[in-house]
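I have placed the structure first, in the form of structure tokens, so that the comments after it can refer back to it.
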């Protein structure tokens with residue numbers, strides 16, 4: 001697997017984002033994740049967006065982080081929020097998400113972020129298992145889905 005930094009609006013990122021949105025819609029019966037996102041949110045040093053490619057140079061996994069500071073949506077100063085973690089179905093079970101997650105954590109730590117946070121949902125047991133086994137624990141809800149009952153927020157100190 002080859003992990004590359006790419007812009008959030010790169011064609012391969014758009015392709016995988018479209019796929020993850022379809023999966024969200026299937027799992028939750030709605031239009032997918034409507035969290036407002038802009039490509040510049042993932043520009044270093046305030047964020048990073050990664051794509052993983054297989055040996056045939058096909059995009060198979062994605063994930064990014066963006067800086068957050070204390071605000072009315074429940075974030076804290078120094079937060080790095082994970083967004084759009086996704087592995088294509090045929091690539092699952094090979095540790096791709098774990099490798100992307102580790103690269104995101106290392107980059108956020110190097111950028112001076114103090115806590116990694118994420119929001120997932122109760123219909124994503126694979127994601128919950130990945131994050132739990134990677135040291136994430138439940139935290140007070142934050143972000144766009146903080147008032148949704150099926151939202152699960154998790155955090156991990158980066159220092």
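The values are calculated or read from the model by the stated rules, or taken from the named source; none is laboratory data. Model, not experiment: these values are computed from the prediction. Cβ sites come from the backbone with ideal geometry, for glycine too, and all protein chains shown count toward neighbours.
Can you say whether residue 33 is closer than 26 Å to residue 150 by Cβ and either surrounded by 14 or more Cβ atoms within 10 Å (Cβ to Cβ) or in contact with a helix residue (DSSP H, G or I) (Cβ under 9 Å, 6 or more places away or on another chain) (or both), as far as the supplied structure shows? Yes. Residues that are in a strand (DSSP E or B) and either more than 21 Å from residue 76 (Cα to Cα) or under 13 Å from the mean Cα position of the chain (by Cα) (or both) within segment 105-151 comprise 116, 117, 118, 119, 120, 121, listed in sequence order. Suppose the filter is assigned to a helix (DSSP H, G or I), modelled with pLDDT of 95 or more and under 15 Å from the mean Cα position of the chain (by Cα); does residue 155 pass it? Answer is no for this residue.
One residue alone among 61, 102 is under 12 Å from the mean Cα position of the chain (by Cα), buried (at least 20 other Cβ atoms within 10 Å of the Cβ) and not in a loop (DSSP other than H, G, I, E, B), and that residue is 61.
Restricting 5, 68 to those that are in contact (Cβ under 8 Å) with a residue 24 or more places away in the chain, crowded, with 18+ Cβ neighbours inside 10 Å and under 22 Å from residue 105 (Cβ atoms) reduces the list to 68.
Here residue 15 clears all of (1) touching a residue at least 40 places away in the same chain (Cβ under 8 Å); (2) farther than 26 Å from residue 158 by Cβ; (3) in a loop (DSSP other than H, G, I, E, B) except the condition numbered (3).
Looking at residue 90, is it outside any loop (DSSP other than H, G, I, E, B), surrounded by fewer than 18 Cβ atoms within 10 Å (Cβ to Cβ) and more than 16 Å from the chain's Cα centre (by Cα)? Steps first, please.
Details: outside any loop (DSSP other than H, G, I, E, B): yes; surrounded by fewer than 18 Cβ atoms within 10 Å (Cβ to Cβ): yes; more than 16 Å from the chain's Cα centre (by Cα): yes.
Yes.
Are any residues in segment 127-150 surrounded by fewer than 17 Cβ atoms within 10 Å (Cβ to Cβ) and at pLDDT below 95, and if so, which ones? The answer is 144, 146, 147, 148, 149, 150.
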